Amino acid sequence: MIRVSRLVIYPIKSCRGVEVNLATVGTTGFELDRRWMLIGDDGRFLSQREHHQLALVRVQIEGDLLRLEAPGLSSLEVGFDGAVGPASRVQIWDDECAAIDEGDEAAGWFSRCLGISARLVRMASDNARPLGSSTAEPGDHVSFADGFPFLLLSAASLDGLNRRLSLPVPMDRFRPNIVVDGCQPHAEDGWNRIRIGEVGFRFAKPCARCVITTVDQATGERKREPLRTLSTYRTVDGQVLFGQNLVHEGRGLIRVGDSVEVLDLARNE
């Protein structure tokens with residue numbers, strides 16, 4: 001039987017995730033997932049692609065605030081609905097949406113962490129960023145995630161990769177929201193719709209992997225693997241594909257241990 005083995009929320013885009021046993025699916029994905037992100041002076045988002053130090057920012061959810069820690073810095077607390085700064089338009093890939101600045105204290109903390117000017121912003125509202133994919137349906141929205149509300153990966157797919165590597169890599173290299181086990185490697189590539197607990201999901205597209213997979217999430221060091229090995233057997237049309245992007249079809253709770261019901265298989269074209 002296929003079951004959920006891990007659930008992970010990433011409150012601040014590109015910072016460390018928070019593993020949970022239960023998660024609520026809301027309008028844009030898991031509640032609190034990628035509700036915050038960092039921007040530069042030009043309003044564009046900052047990520048581990050260029051700033052691998054973000055892997056070292058530890059995030060804890062404590063009541064109605066985030067507690068942040070990073071090497072060499074005192075901890076920082078950010079309230080879910082803290083001091084309201086000026087609303088602004090921010091850029092994430094080709095999307096522009098409204099965000100609220102979290103103030104000078106947070107900006108100073110992250111600027112010291114990254115060594116560049118950076119500001120922390122939170123999403124202005126649940127409907128601030130409509131899902132822009134060609135697979136989107138009316139009413140679909142997404143947070144500050146790269147493109148889709150959820151990323152699913154099977155433990156078996158990672159096991160298959162690690163059998164090809166001289167040094168295995170952990171699941172956190174791929175930053176999934178939902179990890180499942182009890183299936184064959186890459187079985188998720190053949191699913192079109194599934195149900196987990198109270199919530200249905202449709203599969204939007206395979207996840208094209210980037211250099212973030214080469215950043216050790218424990219040390220912030222950048223390496224060549226696993227992207228090099230993945231490219232030898234998971235390249236399609238010039239993109240390295242590993243895991244699946246999902247869109248939710250409803251709201252509700254999902255838990256570690258929930259069964260995964262495959263409702264519809266993908267059509268081979």
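Just so you know, all these numbers are worked out from the coordinates, no wet-lab data involved. Because the structure is predicted, anything quoted here is derived from the model rather than measured. Cβ atoms come from the backbone with ideal geometry, glycine included; neighbour counts cover every protein chain shown.
Things worth noting here:
- The alpha carbon gyration tensor of segment 73-217 gives principal lengths a ≥ b ≥ c with a/c of 1.5 or higher and a/b no greater than b/c, which makes the shape oblate.
- Gaussian network model of the chain, springs between alpha carbon atoms under 10 Å - residue of Arg255, Arg164, Arg67 with greatest fluctuation: Arg164
- Positive-end residue, segment 184-232 charge dipole about Cα centroid, Cβ charges, pick of His186, Thr213, Thr232: Thr232
- The mean sequence separation of alpha-carbon pairs under 8 Å and at least six residues apart, normalised by the residue count of segment 78-200, gives a relative contact order of 16 percent.
- Backbone N under 12 Å from the Ser88 label point (7 Å along Cα→Cβ), restricted to segment 97-123: 99-104, 107-108, 117-122
- Using alpha-carbon coordinates, inclination of helix 104-114 to the longest axis of the chain, degrees: 60
- Taking a ≥ b ≥ c as the square roots of the eigenvalues of the Cα gyration tensor, an a/c ratio of 1.5 or more together with a/b no larger than b/c marks segment 1-149 as oblate.
- Cα-based shape type of segment 36-123, given that a ≥ b ≥ c are square roots of the gyration tensor eigenvalues and the cut on a/c is 1.5: oblate
- MRE, 222 nm, helices only [DSSP H, n ≥ 4, -39500 (n - 2.57), over the chain, to nearest 500]: -2500 deg cm²/dmol
- The alpha carbon centroids of segment 208-269 and segment 162-181 are separated by 9 Å.
- Debye-sum result for the chain in log10 I(q)/I(0), which assumes one identical scatterer on each alpha carbon, at q = 0.10, 0.11, 0.17 Å⁻¹: -0.49, -0.60, -1.47
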